[in-house]
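Since the structure comes first, as structure tokens, the remarks are kept for the end.
The values are calculated or read from the model by the stated rules, or taken from the named source; none is laboratory data. Just so we're clear, the structure is a prediction, and the values are computed from it rather than from any experiment. Here the Cβ positions follow ideal geometry from the backbone for every residue, glycine too, while neighbour counts run over all protein chains shown. What goes into the accessible areas is simple: the full protein's heavy atoms, side chains included, and nothing from ligands, DNA or RNA. Shrake-Rupley method; radii C 1.70, N 1.55, O 1.52, S 1.80 Å.
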Amino acid sequence: MTESRNIVLDVQDLVKRYGAITAVDGVSFSVRAREIFGILGPNGAGKTTTLECIETLRPVDAGTILLNGLNVRTQSQEVKRIIGVQLQSSSFFDKLSLAELLVLFGEMYGRSVDPLALLDEVELRDKSRAQVVQLSGGQKQRFSIAAALVNDPVVIFLDEPTTGLDPQARRHLWGVIKRIRSEGKTIVITTHYMDEAEELCDRVAIMDAGKIIAMAPPQEMITTLLAGGFRKEKVERLASLEDVFLSLTGHTIRDE
Amino acid sequence: MLTLASMKMFMRQREAILWTLLFPLLVVILFGFVRFNGVGSIGLGVVNEAGATGADLLARIKSVRTFEVTEGTRESEMGELAKGERDLVLLIPAEYAPATSAEMTAYGDLEAKPQVTQLGGLVLQRVLDESAFAGAPGLRRTALSTLPFKSRNLTYMDFLLPGILSMSIMQMGIFGVAFGFVSLKKRGILRRLWVTPIRPNDFIIAQVAMRLLVLLLQMTIMVGVGILFLNLHFIGNIALIYLMGILGAVVFLGFGFSLAGISKSEDQVAPLANIITLPMLALSGIFFSRSNLPGFVRSITSVLPLTYLADGLRSVAIDGATLAQVTPQILGLVLWGVVSCALAVRLFRWE
């Protein structure tokens, strides 16, 4: 199959336990090149733990993870070189400007980077001299993505990048993510916003209690559900409150 | 490069600069203005060359509460006097016989410590008189003459500055590292670093290197300001000062990393760090000489790491001690360094 050659991330029977709790319980999925793959699920479903296992941050209890053919369990150092990571609720050093931080992160990979080009990528060029503490929530997340791009990674992992952002900032971030994908990157994203997954993802896996309970393109999932005879009790109105909000407040982002 | 970046981050923290570089200097200057005028106890060195004949006199001298009596040979006691460790040294000559000797000599720095020397002389004379009349009343009085002796006239500043330097090395190692790392841990900055190819040890090395560089800078500034503006009688070997400072820093960095390892938040660090540092600040002879401590406390405190550091820096800075002369302190620091680093390796956790 030609498709299997395009697989950049292959997770098989991944298990991760914390003491008596099995946070990730036999998860398998694979992600193709240039795909935006979403991992959905309620809080505590095991999304973040799954990502952290792939990102080499947590030792795996069982299963295999291959990233671009590299075994995450035995070749973690090589894996780190080809992934870009945006962690949930992680921060950056104080007292360094955005440009200096990007240069520093580049040096960790032994690369000299052009900080302004990276900041352009996430539309933060005018903030190059600012420090992270001075950024708004949306700007912080965008900077986080810029920092994940310093090593020109093969796969980028975004862990709930839009949690806590206002509708304008979310939409803006979606634009950034789509553009990065269009430049040839593969993106794995976790979220618990269904509209986000529907908007961004080529395929999604839905996790609950440490297991993947469904995996397909979003439209296909909806079709399957409808084909099974599902009907919403209340017929969807043609506009949602979010549409009202956006039409009243506009699409321009407010955090600049 | 991580060292440089860390340095940049450090230098841009105004509070950090204030606390590490300026605060110790401020303490030194403030304490330098304080004059401790009142005569407390008088440090009296007694050189008893008369053996058993002098024993009665010695016992009488020791019973005087004003005196803090130390016995020693002529050489050692005069040496201590020269350093300013004794206020007065009394010589009981070999030919001394109670109630027959006409003269006895004491030495003191009349110029630098006129009050203490004169008062000490008077009290000694009284003791001599009592001793003479106790034996057989009406016999000859032994007259004490106090001869001037030029000590190096060390001031409290000379005592204080090396002490404060040691204190700031300890604070930087323990508070700086423990708070710094716990904050990096808590805010997820370390996790973000571990998804890059950087190795944890490289990061630690950079952090340690940065702090040692800051330390060298700080030592240079403190000694420089001391010599130029505070009349510090610095006669030591600056390289030896740096060496001891770095050894001390390694000891306290080890403790700092240990604390960072067992603490989950800044709230947990603070009390632990204080439990370790406060007793040492009080007992290691930073602000006041340990010679005022009761004997058993003094012997316990003499093995504290801060004591080794402060004593070592002090001997080098103001007594011009050589490497050989501060070997005990260096060995003490090396031992503590081994202990603290072993502890750090065991206790330090990234998560």
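At a glance:
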quantity	calculated
Conditions (1) assigned to a helix (DSSP H, G or I); (2) free of Cβ contacts under 8 Å to residues at least 24 places away in the same chain; (3) under 13 Å from the mean Cα position of the chain (by Cα): number failed by residue B:288	(1)
Region A:100-141, residues that are open to solvent by 70 Å² or more (accessible area, probe 1.4 Å), β-branched (Val, Ile, Thr) and under 21 Å from residue A:179 (Cβ atoms)	none
Candidate set from region A:31-64 (those that are over 15 Å from the mean Cα position of the chain (by Cα), more than 13 Å from residue A:18 (Cβ to Cβ) and away from chain B (no Cβ under 14 Å)); member that is surrounded by the fewest Cβ atoms within 10 Å (Cβ to Cβ)	A:43
Any hit, region B:109-131, residues being charged (D, E, K, R), at pLDDT below 85, under 27 Å from the mean Cα position of the chain (by Cα) and open to solvent by 50 Å² or more (accessible area, probe 1.4 Å)	yes
Residues satisfying the stated conditions in region A:101-132, i.e. part of a loop (DSSP other than H, G, I, E, B) and more than 27 Å from residue A:48 (Cβ to Cβ)	A:110, A:111, A:112, A:113, A:114, A:128, A:129, A:130
Residue count for region A:68-100, restricted to those that are under 13 Å from residue A:131 (Cβ atoms), facing another protein chain (nearest Cβ under 9 Å) and not in a loop (DSSP other than H, G, I, E, B)	1
Close pairs from region B:96-110: first not assigned by TED's automatic domain parsing to the domain that holds residue B:129, partner modelled with pLDDT of 80 or more, Cβ under 8 Å, at least 6 apart	none
Residue within region A:165-177 that is buried (at least 19 other Cβ atoms within 10 Å of the Cβ) and within 14 Å of chain B (Cβ to nearest Cβ) present	no
Residue list for region B:183-242, filter: among the hydroxyl-bearing types (Ser, Thr, Tyr), touching a residue at least 12 places away in the same chain (Cβ under 8 Å) and within 14 Å of another protein chain (Cβ to nearest Cβ)	B:183
